[in-house]
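Notes for the one structure printed next.
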Amino acid sequence: MSADTHTPRKVHAFGWTTIAVTGLAVGAANAATPVAGPGSAGPEPLWLAQSTEGGEGGEAGHVQEGDAVVAYLTGLGIIEGKTRVTQALSLAGQQAEAVSRLPRAEDDIIRDLLPMMSETLAGEFAQALTALASAMSDTAASSEDREAAFQAVFASIAEAREHSGATEAAEAQAIVALLRDAADDYAAGVTDGSIVDPDEYRDAWGYVQVARSLSAHMAGEDDPLEKAFGQKVADAIDAAGEALPGAMPGDAPLGDASLLAAAAATAELAAYRLK
């Protein structure tokens, strides 16, 4: 596709109120900025308002400056993670549960991400999500048809990342955010080595799968700093593997949320070298 096809539209701040980026909610902001497309100089900074609501046990929420493109990449990662969970459930024959967890074009997070894409990308992404929903709901659809629909969604997400104009530093920060979100969800879903909330556990599993894939991609790049970051984070995620034996672990022993928190901390420290 030509660069003109993906000329970015003006981006308005997220309307969704709770995307867990490093353990806090991204609120609406008043400024607007384009997500960069091919040939552009990159995104202008947009400081997103951060939630100051008290956390669990009355703790004050963290306040941290955020960048629009990091939140955008994190949102794409969250959607991909949830889609991976749906795919795993479908492959395991749990079709009804898979359909109930299916990301849909009308979901708030997706509705607010679409305006941050070019019109072409937004249309392709929405179409892929709609086609996946149809394939999952159609009892006559074959497993091959459903898998093709999943791959189309993953391809749309990958293309949206490619045309985001994100720097390596922004990509790294999005991985950190996904890992922190995974650690939070895992802590909510697992107690004393047992799953108490399958949805929270599975979200954690999905986000970690995405973070692992993204870090492995960065580890394969030529830039030495990017390569070092990707390899360090991939190794840290692998070291936490016992916490997430699968989307449906059955009776497999589970680890502790501290394993994922440690992986997130490792990623955050490693990301500083990319700034």
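Bear in mind these aren't lab numbers, they're just calculated from the coordinates by the rules spelled out. Since this is a predicted model, take the numbers as computed values, not measurements. Quick reminder, even Gly has a Cβ in these numbers, built from the backbone with ideal geometry, and neighbours come from all protein chains shown.
Return the equivalent ellipsoid semi-axes of region 68-274 as a descending list in whole Å, where each equals the square root of 5 times an eigenvalue of the C-alpha gyration tensor.
Values: eigenvalues 137, 109, 36 Å².
The three semi-axes for region 68-274 are 26, 23, 13 Å.
For region 68-274, give the magnitude of the charge dipole about the Cα centre (Cβ charges: +1 Lys/Arg, -1 Asp/Glu; no others), in debye to the nearest 20.
It comes to approximately 80 debye.
What is the distance, in nm, between label points placed 7 Å from the Cα along the Cα-to-Cβ direction at GLN94 and at LEU269?
So the label points at GLN94 and LEU269 sit 3.5 nm apart.
Starting with the highest mean, order 152-163, 127-138, 229-240, 245-256 by the number of other Cβ atoms within 10 Å, averaged over the residues of each peptide. Walk me through the numbers before you get to the answer.
On the way: 152-163: 18.7, 127-138: 17.2, 229-240: 20.7, 245-256: 13.8.
Averaged packing, sorted descending, gives the order 229-240, 152-163, 127-138, 245-256.
Roughly speaking, what is the stretch gain from ALA216 to ALA155, that is 0.36 nm per residue apart minus the C-alpha to C-alpha distance, in nm to one decimal?
Gain on stretching ALA216 to ALA155: 20.2 nm.
Suppose R0 equals 35 Å. What FRET efficiency, 1/(1 + (r/R0)^6) with r the Cβ-Cβ distance, do GLU242 and THR120 give to the nearest 0.05?
0.25
Between region 142-160 and region 208-275, what is the separation of their alpha carbon centroids in Å?
24
Using the 2.2 N^0.38 Å rule of thumb for compact globular proteins, work out how region 177-226 stacks up: its C-alpha Rg over that value, please.
Compared with the compact-globule rule of thumb, region 177-226 sits at 1.40.
Would you please state which residues of region 237-266 a label at ASP192 would reach in this model, taking the label point 7 Å out along Cα→Cβ and a backbone N cut-off of under 18 Å?
Once the point is set 7 Å along Cα→Cβ of ASP192, 251-258 turn out to lie under 18 Å by backbone N, inside region 237-266.
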